[in-house]
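*Asks:* Quick one: this structure, given as structure tokens, is what I'll be asking you about.
The values are calculated or read from the model by the stated rules, or taken from the named source; none is laboratory data. Keep in mind the model is a prediction, meaning the values are calculated, not measured. No Cβ is skipped: glycine too gets one built from the backbone with ideal geometry, and neighbour counts run over all protein chains shown. Ligands, DNA and RNA are excluded from the accessible area calculation, which covers all protein heavy atoms including side chains. Shrake-Rupley method; radii C 1.70, N 1.55, O 1.52, S 1.80 Å.
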Amino acid sequence: WGNICFGVVQDLVSQAFREPAVLFKDKLNYKGPGGGSFLPHQDATAYATEDLATRHISVMVAVDPSTNDNGPLQVPPCPEGAEGWHTRGVIKNKDGVTDSAIVDEMDFVNVLTEPGDLVLFDSFLPHKSDANLSNGWRRLAYLTFNVASEGDLHSKYYKT
């Protein structure tokens, strides 16, 4: 796990930030057959604060294939000729769930992956997932990093 968190993935995120990154949060997301959905949200509503760093990039590491049927990550592509949803700051929400009128403007697409694939996204990108309608498990690891200049906040995150 350490080789993934503190090796090539940390290097990729540091390149995306254009400055050194440190691990902020790590989790495994298990979605078994019939497992539920996650409502549209931005991670920034949970942890982009002055106390817990203002900038984050999450790396999704596929453990199992993500298919159209097993509840893959879903993101809205940039509207034609417009800025991406992730550039708009914290979007109107209630208790972290993105406002339904805004969600209606988004056309979410499935992010289909194979084991070992990496997907990087920042904490302002709205995302969601549907229920797992397959007979198999869908497992993903999420590694979230913040810029080192805002501090090593991994243990502080888990204490809040």
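*Asks:* Which of (1) crowded, with 18+ Cβ neighbours inside 10 Å; (2) assigned to a loop (DSSP other than H, G, I, E, B) does Met60 not meet, given it meets every other one?
*Replies:* (2)
*Asks:* Take the residues of region 1-36 that are under 30 Å from Leu133 (Cβ atoms) and in a helix (DSSP H, G or I): which is farthest from the chain's Cα centre (by Cα)?
*Replies:* Quick first cut of region 1-36, residues under 30 Å from Leu133 (Cβ atoms) only: 1, 4, 9, 25-36.
Retained after the next criterion (residues that are in a helix (DSSP H, G or I)): 4, 9.
Working: Ile4: 17, Val9: 14 Å.
For region 1-36, the residue satisfying everything is Ile4.
*Asks:* A further question follows. Out of the residues in region 72-89 that are assigned to a loop (DSSP other than H, G, I, E, B) and under 14 Å from the mean Cα position of the chain (by Cα), state the one that is surrounded by the fewest Cβ atoms within 10 Å (Cβ to Cβ).
*Replies:* Just the residues of region 72-89 that are assigned to a loop (DSSP other than H, G, I, E, B), to begin with: 72, 76-84, 88-89.
If we keep only those that are under 14 Å from the mean Cα position of the chain (by Cα) as well, we get 72, 76.
On the way: Pro72: 24, Pro76: 21.
Residue satisfying both the conditions and the ranking: Pro76.
*Asks:* Please enumerate the residues belonging to region 36-53 that are within 20 Å of Phe108 (Cα to Cα) and either in contact with a His (Cβ under 9 Å, 6 or more places away or on another chain) or crowded, with 19+ Cβ neighbours inside 10 Å (or both). Walk me through how you get there before you give the answer.
*Replies:* Quick first cut of region 36-53, residues within 20 Å of Phe108 (Cα to Cα) only: 36-45.
Correct list: Phe38, Pro40, His41, Gln42, Asp43, Ala44.
*Asks:* Of all residues in region 141-160 being under 27 Å from Lys31 (Cα atoms) and hydroxyl-bearing (Ser, Thr, Tyr), which is least open to solvent (accessible area, probe 1.4 Å)?
*Replies:* For region 141-160, the residue satisfying everything is Thr144.
*Asks:* Then there is this: Filtering region 90-109 down to residues that are within 15 Å of the chain's Cα centre (by Cα) and either at pLDDT 95 or above or not β-branched (Val, Ile, Thr) (or both), which residue is surrounded by the most Cβ atoms within 10 Å (Cβ to Cβ)? Before the answer, list the steps.
*Replies:* In the first step, residues of region 90-109 are kept if they are within 15 Å of the chain's Cα centre (by Cα); the result is 90, 96-98, 108-109.
Subset that is either at pLDDT 95 or above or not β-branched (Val, Ile, Thr) (or both): 96-98, 108-109.
Values: Gly96: 14, Val97: 15, Thr98: 23, Phe108: 17, Val109: 12.
Only one residue tops the list, namely Thr98.
*Asks:* Between Leu120, Leu39, Leu52, which is under 24 Å from Tyr158 (Cα atoms) and in a loop (DSSP other than H, G, I, E, B)? Even if it seems obvious, please write down each step before you answer.
*Replies:* Numbers: Leu120 fails: in a loop (DSSP other than H, G, I, E, B); Leu39 fails: in a loop (DSSP other than H, G, I, E, B).
So the residue among Leu120, Leu39, Leu52 that is under 24 Å from Tyr158 (Cα atoms) and in a loop (DSSP other than H, G, I, E, B) is Leu52.
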